[in-house]
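Okay, here's the structure, questions in a sec.
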Amino acid sequence: MSANSTDPAGSPGRVDVVLVKGGRTKIRYPAGLLSDDGTRIAVRAAWAGDGVRDFGFVRFEPGDVFTEYYWRDRWYAVKEVRDASGALKGWYCDVTRPATLTGTDLVVEDLDLDLWCSADGSDVRRLDEDEFAESGLAERDPGAAAAALAALDELEVSAGAEGGLESLLA
């Protein structure tokens, strides 16, 4: 979803986020490594899409900045989205297998389910449940499908709780 870190290529604080879907690389983009505590990895990158992507409930556009949080022990990633002026748009969450960092490649496997939470928390919506059902994951890997659905439920509960999704990032 994002790319083009402010860190120069090859600097020690740079990683390549590699989003895999259906066994193939969907997107690869450079990001600035903010932290890695052994469990959670945080990176920052700018929107890399071609022009504007309008979902109807949010627009991702040039100048948007994503601060992305990945876990080695959780089945999701949380991406804080801010516009070019720094104003918070909200959080876009991907349900994924736990992330792996090998060298400078941060690899995450997208499992189709997503959650959006607006900046004020008034709009929390589950996304792409139809794509998840069509993916066949429930038949191929029932354990992973159950973990993915549990992760989406956890994200939705967190989004509606006091402190919202920010409570996962503290």
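The values are calculated or read from the model by the stated rules, or taken from the named source; none is laboratory data. Small disclaimer: the values here were computed from a predicted structure and weren't measured. Positions of Cβ are backbone-derived with ideal geometry, glycine not excepted, and every protein chain shown enters the neighbour counts. Side chains are part of the model used for accessible areas, which takes the heavy atoms of the whole protein and leaves out ligands, DNA and RNA. Shrake-Rupley method; radii C 1.70, N 1.55, O 1.52, S 1.80 Å.
Just to be sure I understand: of the beta bridges DSSP finds with both ends in the chain, what percent are antiparallel, rounded to 5?
90 percent
Of the heavy-atom accessible surface of the range 65-145 (probe 1.4 angstrom), what whole percent is carbon and sulfur?
Summing carbon and sulfur atoms, their accessible area is 47 percent of the total for the range 65-145.
Keeping every protein chain in place, order 21, 79, 26, 89 by accessible area at 1.4 Å, biggest value first, i.e. largest first.
26, 21, 89, 79
Beyond 30 Å, what share of the Cα-Cα pairs of the chain remains, rounded to the nearest whole percent?
Tail of P(r) above 30 Å: 11 percent of Cα pairs.
Scan the range 49-128 for chymotrypsin sites (Phe, Trp or Tyr not before Pro) in coil per DSSP, keeping those whose Cβ has at most 10 other Cβ atoms within 10 Å, and list them by number.
Sites meeting the loop and neighbour criteria: none at all.
Continuing with this model, one more query. To the nearest 20 debye, what charge dipole does the range 38-113 have about its Cα centre, counting +1 at the Cβ of each Lys and Arg and -1 at the Cβ of each Asp and Glu?
280 debye
State in Å² the accessible area per residue of the range 21-92; use a 1.4 Å probe, count heavy atoms of protein chains only, and round to the nearest integer.
48 Å²
How far apart, in nm, are two points set 7 Å out from the Cα along the Cα-to-Cβ line at residue 50 and at residue 131?
About 1.7 nm separates the two model spin labels.
Here's something else I'd like to know. What is the gain in length, in nm to one decimal, between residue 35 and residue 104 on full extension, counting 0.36 nm per residue of separation less the C-alpha to C-alpha distance?
Extra length from residue 35 to residue 104 when fully extended: 23.5 nm.
Name the residue from 103, 32, 55 whose Cα lies farthest towards the positive end of the charge dipole of the range 20-120, charges +1 on Cβ of Lys and Arg and -1 on Cβ of Asp and Glu.
103
With just the Cα atoms defining each centre, how far is the range 109-130 from the range 15-36? Give it in Å.
Taking the Cα centre of each part, the range 109-130 and the range 15-36 sit 19 Å apart.
Mind checking the alpha-carbon convex hull of the range 38-88 and giving the volume per residue in Å³?
91 Å³
On average, how much area does the Cα convex hull of the range 85-170 cover when viewed from any direction, in nm²?
7.2 nm²
To the nearest 0.05, how large is the calculated FRET efficiency for residue 27 and residue 122 if R₀ is 30 Å and r is the Cβ-Cβ distance?
Here the calculated transfer efficiency is 0.55.
Also, I was wondering about something else. So if I place +1 on the C-beta of Lys and Arg and -1 on the C-beta of Asp and Glu, and nothing else carries charge, what would the dipole magnitude of the chain be about its Cα centre? I want it in debye, nearest 20.
Here the chain has a charge dipole of around 540 debye.
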